[in-house]
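Notes to accompany the following structure.
The values are calculated or read from the model by the stated rules, or taken from the named source; none is laboratory data. Here the structure is a predicted model, which is why all the values come from computation and not from measurement. FYI the Cβ positions are ideal-geometry reconstructions off the backbone, even for glycines, and counts take in every protein chain you see.
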Amino acid sequence: MSARNSTSHFLLGAILALCSLGAWAGTARGNPAPMKTPAGQSFAPASPAEVGLDPMAIEQLVDQAQDLVDQQDIVGGELLVIKNRRTVLQQSFGFKDREDGATMPINALYCVRSMTKPLTGSAIQLLIDEGKLSLNTRVHTVIAAFGSGQKADITIEHLLNHSSGLPMNILKPPLSRYTNLRAVANEAAQVKLLFEPGSRFHYSDAGSDTLAAVIEAVSGMPAERFIQQRLLDPLAMHDSITLLADRPDLMASIPSAYSGGSGSWSKHWKPVQPLFPLFLGSQGLYSTPLDYARFLAMWMDQGQVGGQRILSQAAIERGLTPGFPLPSNRRREEGSLKSYAQQWVVQVRQEDAASGTRAGSQRVQMFGHDGSDGTFAWAYPEQDLMVLFFTQSRGTLAGLTMETAVKRLLVDAEPPPAGRLVATPADALSELAGLYWDQDVEHAYYVIAPRGERLSLDRPGGMHLLFRRGEQAGRFVAEANPKVWIEFIRDAAGRISAMRTFFGERVELDPRHQRPVGLPLLSEVISRVQRAHRMDLLAQRGVVELSGSLDYLDRSMRGKFNTRFDGERSRTDVRIGRARQSIAVSGSSGWMRSSETGEQPLDARMAEQERLGQPNVLWGDWTQHYAHVEVLKRLTLRGQPHLLVLAISRLGSSSTFFVEETSGRVIRKDELALVPGVGMVGVQSLFEDFQDVGGMQIAFRTTLNFVHRQIGRVRRVIRHAAVGQQVADTAFLPTGADGP
């Protein structure tokens, strides 16, 4: 956790505890010393020309990685390109620890998080090869806790391809409360399934952790020892570690971990103690890019390494057989479909996906996985190409940028683009700034603003993208995916009248905003909001205290919060299990204290975001707190007229307020919020059950719908409210006592 990760609405700080779950540490089990085994592949160096790659393409790939550092899309990382089992490129970029000024070395040891899953899946395939399991084995025959209700129908295959119905995560802090993997699996067996097993896809750490518990139960040894002896040792992956607590001497090789998103990185973990007290099959592995390439190569070689068979060819075919299309890749493009296989992400030809037959790696265009701390690995069997890009920047979109560049520069073997990018003077970009309405959604719009030589596109409650000049005149392409583009249309008078957008499905024409006739003046709307909520009374009420419950509806997590505010100062304390966090602002400054990272100051952007989430701002006079406020349009919701009001903060963040025109109540806010480990995320806040608090009308129930599926919905319910509370001034200062 870090000060840069604070979010608004006097409860979103609790998301920090959720997204930093892996940071709690406790006691650890031992891990056996590595055994002497056959040497793995060494991947001797080669020039690009020796292996048939364009040297200019490699240079452009290096430039792309360096640009990610320069644009603060990552703090640091390493890029490894292996073609025909020869190392064409191995280069590091940026910082291992930005604050200490330590640059990133080659072969640093990275927490690869979800890139552990393919190792866990491989261990299961080993046990299937040995006849100790099958894809159809019911999990409850191995772990009895799964023997009731629909959970009795869950099979090993359901866990492998994330169709079990188990939620994303069930772990509750601190992790030290889990003494072994069986305890983790038993807890997973107690949660309510999201759907009937086998009916659809839902990415689940809980499912992969249960697989690791199955490995232990069937093999008779700890899962980490089985993976060490049967996979890591034979592949000579001697720099890969399943339990960091067992190798404290390697702490110095690990980069510090950052979160917060592009341009807002804060260190949330420094290698002084292990993240995990036990090996988790979903995310426990530490590895280097070179070590992980040895694992990829074994899969590309049909389960063999150095003449020694590790997995059967049938296991390779099982593991790479497409399962459910990934939710973000349902659309088939260019004859390919990306889906989730058995603990692998795979991309296959459309005809192979449609056939439903087992697919060996010779049919797979790409397989790989990524990790939430910013690690990415892609293997292209047809090109005998492996590319690994490891960072420790959690929440970056750099992986999508690099995957797109790899496909364009190396896989599709396109020559470097001819000519230069069309030059658009930076001062001309201001002409494009403004609002453009989504042609399909009545209340949705895009905010375009210049950012130096680039354009930013914000859709409050939806997305945030950066665009650079494209090769085609007048077109701007998204930095995260050059296939996404925008361009601007002029009318007969030469004025910008619309924006043409392509987000991957079809071209849309989004008209530029023009103020409709008949809208009330902004001052009238503000007066209605003030009459409805009476936040002007706050100055007479002293400190207001609100407390109640937090419920992560899609994560099976609950907590408590307490907020105190008086219009100039605020403090929110959150507790989830043993984890605690406090966030406070006073005037222009702010600070945060957590049970993991101690106390840190809030930067200007995070302090502003925290202030804008306070009740006196949400339901008060927005003109006192935002740089620009504008009534945009009138629309009908649930048969009642509503007004949409745009508010742009002093530091450039856009939000939409939904106001009931008749009553003046603010019932919804759409915005973009920084969430740790994820980055900038759209969130829609719905305000309900308004009740009187000292004459002020405050929503006692708030539901936050995060666009990011791994966060989902969070509900806050106020259980107690009081005004005129006696609170020491020190409570709003870094030296203040801990909250409840």
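Name the single residue, out of those in the range 508-524 being surrounded by fewer than 18 Cβ atoms within 10 Å (Cβ to Cβ), of a type in the set (D, E, K, R) and not in a loop (DSSP other than H, G, I, E, B), that is farthest from the chain's Cα centre (by Cα). Write out each step before concluding.
So in the range 508-524, the residues surrounded by fewer than 18 Cβ atoms within 10 Å (Cβ to Cβ) come out as 508-509, 511, 513-524.
Applying the additional criterion that residues be of a type in the set (D, E, K, R) yields 508, 515, 524.
Narrowing the set further to residues that are not in a loop (DSSP other than H, G, I, E, B) leaves 508, 524.
Details: GLU508: 27, GLU524: 40 Å.
Result: GLU524.
Among the candidates GLN600, GLN540, GLN581, single out the residue that is part of a strand (DSSP E or B), touching a Gly at 6+ places or on another chain (Cβ under 9 Å), not assigned by TED's automatic domain parsing to the domain that holds TYR203 and not basic (Lys, Arg).
Details: GLN600 fails: touching a Gly at 6+ places or on another chain (Cβ under 9 Å); GLN540 fails: part of a strand (DSSP E or B).
Testing whether each residue is part of a strand (DSSP E or B), touching a Gly at 6+ places or on another chain (Cβ under 9 Å), not assigned by TED's automatic domain parsing to the domain that holds TYR203 and not basic (Lys, Arg) leaves just GLN581.
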| query | Looking at this structure, is ALA359 at pLDDT 85 or above and either closer than 20 Å to ASN481 by Cβ or in contact with a Ser or Thr (Cβ under 7 Å, 6 or more places away or on another chain) (or both)? | reply | no
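Within the group LEU181, LEU135, LEU160, which residue is buried (at least 24 other Cβ atoms within 10 Å of the Cβ) and within 21 Å of GLU317 (Cα to Cα)?
Numbers: LEU181 fails: within 21 Å of GLU317 (Cα to Cα); LEU135 fails: buried (at least 24 other Cβ atoms within 10 Å of the Cβ).
When all the criteria are applied, what remains is LEU160.
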| Any idea which of (1) in contact (Cβ under 8 Å) with a residue 24 or more places away in the chain; (2) surrounded by fewer than 19 Cβ atoms within 10 Å (Cβ to Cβ); (3) within 28 Å of the chain's Cα centre (by Cα) is the one ARG459 doesn't satisfy? | (2)
| Which numbered condition SER527 misses (of (1) surrounded by fewer than 20 Cβ atoms within 10 Å (Cβ to Cβ); (2) under 23 Å from GLU610 (Cβ atoms)) | (2)
| What number of residues within the range 265-296 are out of contact with any Phe, Trp or Tyr (no Cβ under 6 Å at 6 or more places or on another chain), of a type in the set (Gly, Ala, Ser) and within 26 Å of MET168 (Cα to Cα)? | 4
| Tally time: how many residues in the range 56-89 are surrounded by fewer than 17 Cβ atoms within 10 Å (Cβ to Cβ), among the charged types (D, E, K, R) and part of a loop (DSSP other than H, G, I, E, B)? | 0
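Looking at LEU61, LEU68, LEU80 in this structure, which one is at pLDDT 50 or above, under 26 Å from MET237 (Cα atoms) and in contact with a helix residue (DSSP H, G or I) (Cβ under 6 Å, 6 or more places away or on another chain)? If you could, list the steps in order and put the result at the bottom.
Details: LEU61 fails: under 26 Å from MET237 (Cα atoms); LEU68 fails: under 26 Å from MET237 (Cα atoms).
Every option except LEU80 fails the conditions.
I'd like to verify a number: residues in the range 610-638 that are acidic (Asp, Glu) and farther than 28 Å from GLY542 by Cα, how many? Spell out the reasoning first.
To start, the set of residues in the range 610-638 that are acidic (Asp, Glu) comprises 610, 621, 630.
Pick out the ones that are also farther than 28 Å from GLY542 by Cα and you get 630.
The number of residues fulfilling the criteria is 1.
Could you check the range 230-252 and list, in sequence order, the residues that are assigned to a loop (DSSP other than H, G, I, E, B) and not β-branched (Val, Ile, Thr)?
Pass one, the range 230-252, residues assigned to a loop (DSSP other than H, G, I, E, B): 233-240, 242-243, 247.
Within the range 230-252, ASP233, PRO234, LEU235, ALA236, MET237, HIS238, ASP239, SER240, LEU243, ARG247 meet the criteria.
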| task | Go through the range 551-578 and count every residue that is within 18 Å of GLN726 (Cα to Cα) and assigned to a strand (DSSP E or B). | result | 9
| task | Please indicate, with yes or no, whether at least one residue in the range 619-630 is free of Cβ contacts under 8 Å to residues at least 40 places away in the same chain, under 17 Å from GLY461 (Cβ atoms) and not assigned by TED's automatic domain parsing to the domain that holds LEU435. | result | yes
| remark: The correct count of residues that are out of contact with any Asp or Glu (no Cβ under 9 Å at 6 or more places or on another chain) and modelled with pLDDT under 95 in the range 153-169 is 0
| task | Can you give me the number of residues within the range 674-726 that are under 28 Å from the mean Cα position of the chain (by Cα), in a strand (DSSP E or B) and β-branched (Val, Ile, Thr)? | result | 7
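Could you say whether any residue in the range 614-636 is closer than 19 Å to PHE561 by Cβ and either in contact with a Phe, Trp or Tyr (Cβ under 6 Å, 6 or more places away or on another chain) or modelled with pLDDT under 90 (or both)? Don't jump to the end; show me each part of the working.
Filtering the range 614-636 for residues closer than 19 Å to PHE561 by Cβ gives 614-619.
Next, only the ones that are either in contact with a Phe, Trp or Tyr (Cβ under 6 Å, 6 or more places away or on another chain) or modelled with pLDDT under 90 (or both) stay: 614.
Looking for residues that are closer than 19 Å to PHE561 by Cβ and either in contact with a Phe, Trp or Tyr (Cβ under 6 Å, 6 or more places away or on another chain) or modelled with pLDDT under 90 (or both), one finds at least one in the range 614-636, hence yes.
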| query | Across the range 64-91, what is the number of residues that are more than 23 Å from the chain's Cα centre (by Cα) and over 17 Å from ASP54 (Cα atoms)? | reply | 1
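Residues are listed down the side, and each one gets a yes or a no for (1) modelled with pLDDT of 90 or more; (2) in the same structural domain as ILE156 (by TED's automatic domain parsing); (3) closer than 22 Å to ILE241 by Cα:
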{"site": "PRO255", "(1), (2), (3)": "yes, yes, yes"}
{"site": "TYR258", "(1), (2), (3)": "yes, yes, yes"}
{"site": "TRP269", "(1), (2), (3)": "no, yes, yes"}
{"site": "ILE316", "(1), (2), (3)": "yes, yes, no"}
{"site": "THR321", "(1), (2), (3)": "yes, yes, no"}
{"site": "ASN329", "(1), (2), (3)": "no, yes, no"}
{"site": "GLN343", "(1), (2), (3)": "yes, yes, yes"}
{"site": "VAL346", "(1), (2), (3)": "yes, yes, no"}
| said: Return the residues of the range 691-705 that are touching a helix residue (DSSP H, G or I) at 6+ places or on another chain (Cβ under 8 Å) and crowded, with 18+ Cβ neighbours inside 10 Å; say none if nothing qualifies. | reply: MET696, GLN697, ILE698
| query | So GLU196 fits all but one of (1) under 24 Å from ALA579 (Cβ atoms); (2) in contact (Cβ under 8 Å) with a residue 40 or more places away in the chain; (3) exposed (fewer than 15 other Cβ atoms within 10 Å of the Cβ); what number is the exception? | reply | (1)
| task | Collect the residues in the range 629-668 that are in contact with a Gly (Cβ under 8 Å, 6 or more places away or on another chain) and crowded, with 21+ Cβ neighbours inside 10 Å, keeping them in residue-number order. | result | THR656
| request: Can you give me the ranges of the helices (runs of 4 or more DSSP H) entirely in the range 112-223 with at least 1 residues that are under 22 Å from GLY368 (Cβ atoms) and in the same structural domain as ASP239 (by TED's automatic domain parsing)? | output: 117-129, 156-160, 205-219
| query | Quick check: anything in the range 427-448 modelled with pLDDT under 90 and touching a helix residue (DSSP H, G or I) at 6+ places or on another chain (Cβ under 6 Å)? | reply | no
| said: Let me confirm something: among LEU275, LEU280, which residue is in the same structural domain as PRO174 (by TED's automatic domain parsing) and within 28 Å of VAL346 (Cα to Cα)? | reply: LEU280
| request: Filter the range 249-280 down to residues that are surrounded by fewer than 18 Cβ atoms within 10 Å (Cβ to Cβ) and without any contact (Cβ under 8 Å) to a residue 24 or more places away in the chain and give me whichever is farthest from ALA213 (Cα to Cα). | output: ALA252
| remark: Exactly one of ARG580, ARG593, ARG605, ARG611 is under 30 Å from SER204 (Cβ atoms) and in contact (Cβ under 8 Å) with a residue 40 or more places away in the chain, and that one is ARG580
